[in-house]
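S.K.: Just passing along the structure, written as structure tokens.
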Amino acid sequence: MTISQRSRTVGLVAAAALAAALVLVSCSEPTAQADRYHCPMHPTYVSDRQGDCPICGMRLVPVTEAEGTRTAAGAAPPPEIAVAPGAFLCPMHPEFGSDDPHARCPECGMRLDRREDVLRDLAQPAPEAPRPGLPRGMADVDVTPEGARLAGIQTAPVQRGSFGRSVRTVGAVVADETRVRHVHTKAAGWVEHLHVSFTGQVVRAGEPILSLYSQELLATQEEYLRARESAARFASSQLPEVRRGGEDLLRAARRRLELFDVPAAEIDELDRTGTPRRAVTLLAPVSGYVTVKGVSEGQQVEPGTELFVITDLSRVWIEADFYEYEAAALAVGQVARLTLPFEPGTVLEGRIAYVYPTLDVETRTLRVRFEFPNPTMKLRPGMFADVELSARRGSGLVIPDSAVIDTGTRQVVFVANGASRYEPREVKIGIRSAGRAEVTAGLEEGEQVVVKANFLLDSESRLRAAMSASSNGTARPPAATAGHGPH
């Protein structure tokens, strides 16, 4: 027998074996459909017994008659693919077959798989070409209505409505810096008596705070008395210049006492008695709380010594820090609501009084100041307050915030296109607040977006895109099925 005759004989035998295999498979198909189960999310996964899908974990459902025509294990391969005889075939090179389950493909070295599994994979339709406009690395997902129900997929319409943004942070109550007064003496001396004896004491403007013995103040009082005597003598002079000189001297001596913070009542008493006082009583310049007490009785003080710090808390500041990306929403005059943790029922409304010009380089936050009246001392420095600021408001297309899958570089939603197809689409999102997101591009009013189980669709979309890319570059990978042959 010649070589050509031998080749024709082998080809006829292979064709006869292939035809017999296809006839046997087609004859057994009706009974296989009744006993097969597949995954609603991955219809290519078919098993001869109930269980869970190894890809997504969903419960397998019976294969219907219509679905069985697409997923039957005995479906014939495309006519252009040559299939060798044998109980086991190479998934990558079906033209090589063997009855030995431990044999390997001479082309790629893979172990052989069961014949019916390889034939079913070859019968699957070729992957569709990527739809124009698909996000990179994603593909459309087809899910049967039953599969969508089992997966818990829910949709919501794209609607036109109003939106706004609410920014929340924590603020701290601090003293109004414009109402803080440092009290110093302008003459050296000794503290003989303190009328304010502890930190936190309330003082009123004009009340005595301490008595100070000072040689300089004593000498100034004596100068004032001599100036008064001189002015009295010059008052009887016939010359106007002399009388005016005596009056100027008296005013200058009195002005010197006033510049040393000697109270007017003390000067009037000096006029009445004509006797200098050993210790001069200094008065509180403002009302408030003594927040710093820097002296004690008997202490020597100099003009630079800080005696007290008096803080007026009838009006306070609340300072709050906002993150750098929230800075665009801050403006002077903006209304904010403040709630107090220690008094949940109390709500204060205020406006931004000042936005600080610099950013904290360590926390990357911007400080904002609110001003509030505090007549009842409900707000005390050091307390915390919850600040809620309403940012820009407007109207446009809005969707539930749960529909958006944020990858960090882009936002993607799944749009229901018909009864069983879900299309990934890249969108642009604006303000997100109160469970809703503003859509600036990518969607139209009335479209249905997936709001539940969209992460399941996302993983399936990426898996299908990866499989499609692999199939376009090489032979299609075998479908996942239960009961594979030995590997």
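The values are calculated or read from the model by the stated rules, or taken from the named source; none is laboratory data. Treat the numbers as computed from the prediction; the structure is a model and nothing was measured. With ideal geometry, Cβ positions are generated from the backbone for all residues, glycine too; neighbour counts draw on all protein chains shown. The area values use the complete protein model at the heavy-atom level, side chains included, leaving out ligands, DNA and RNA. Shrake-Rupley method; radii C 1.70, N 1.55, O 1.52, S 1.80 Å.
S.K.: Of Ala265, Ala205, Leu282, which is farthest towards the positive pole of the range 186-292's charge dipole, taken about the Cα centre with +1 and -1 on the beta-carbons of Lys, Arg and Asp, Glu respectively?
M.R.: Positive-end residue among those listed: Ala265.
S.K.: While we're here: Based on the mean of other Cβ atoms within 10 Å per residue, sort peptides 406-419, 455-468 so the most packed one is first.
M.R.: 455-468, 406-419
S.K.: Just grab the label-to-label distance for Arg49 and Ala441, each label 7 Å out from Cα along the Cβ direction, in nm (one decimal).
M.R.: Rounded to a tenth, the inter-label distance reads 5.4 nm.
S.K.: Tyr354's amide H: which non-local residues (gap 5+, or another chain) put their own amide H closer than 5 Å, with H modeled 1.01 Å from N in plane and none for Pro or chain starts?
M.R.: Arg369
S.K.: What distance in nm separates the two pseudo spin-label positions at Val202 and Arg432, each 7 Å out from Cα along the beta-carbon direction?
M.R.: Placing both labels 7 Å along Cα→Cβ, they lie 5.0 nm apart.
S.K.: Please give the peptides 245-258, 105-118, 352-365 ranked by average Cβ packing (other Cβ atoms within 10 Å per residue), highest first, as a rough proxy for protection.
M.R.: Most protected by this proxy first, the peptides run 105-118, 245-258, 352-365.
S.K.: Any idea how far the Cα center of the range 372-418 sits from the one of the range 159-186, in Å?
M.R.: Each part's Cα centre sits 19 Å from the other's.
S.K.: When the accessible area of the range 213-348 is computed with all protein chains present and a 1.4 Å probe, what percentage of it is carbon and sulfur?
M.R.: Ligands and nucleic acids excluded, carbon and sulfur give 52 percent.
S.K.: How large is the accessible surface per residue of the range 341-476, computed with a 1.4 Å probe and reported in Å² as a whole number?
M.R.: Spelled out: the 1.4 Å probe surface of the range 341-476, per residue, equals 53 Å².
S.K.: For the range 139-184, what % of the accessible area comes from carbon and sulfur atoms, probe 1.4 Å?
M.R.: The C+S portion of the solvent-accessible surface of the range 139-184 is 47 percent.
S.K.: How big is the equivalent ellipsoid of the range 285-433 along its three axes, where each semi-axis is √(5λ) from the Cα gyration tensor, reported in whole Å from largest to smallest?
M.R.: Values for the range 285-433, descending: 50, 18, 13 Å.
S.K.: Here is a follow-up. Just to verify a number: FRET efficiency for Asp248 and Met377, C-beta to C-beta distance, R0 = 51 Å, to 0.05?
M.R.: 0.55
S.K.: Looking at the range 147-187, which trypsin sites (Lys or Arg not before Pro) are DSSP coil and have at most 16 other C-beta atoms within 10 Å of their C-beta?
M.R.: Of the trypsin sites (Lys or Arg not before Pro), the ones in loops of the range 147-187 whose Cβ has at most 16 other Cβ atoms within 10 Å are Lys186.
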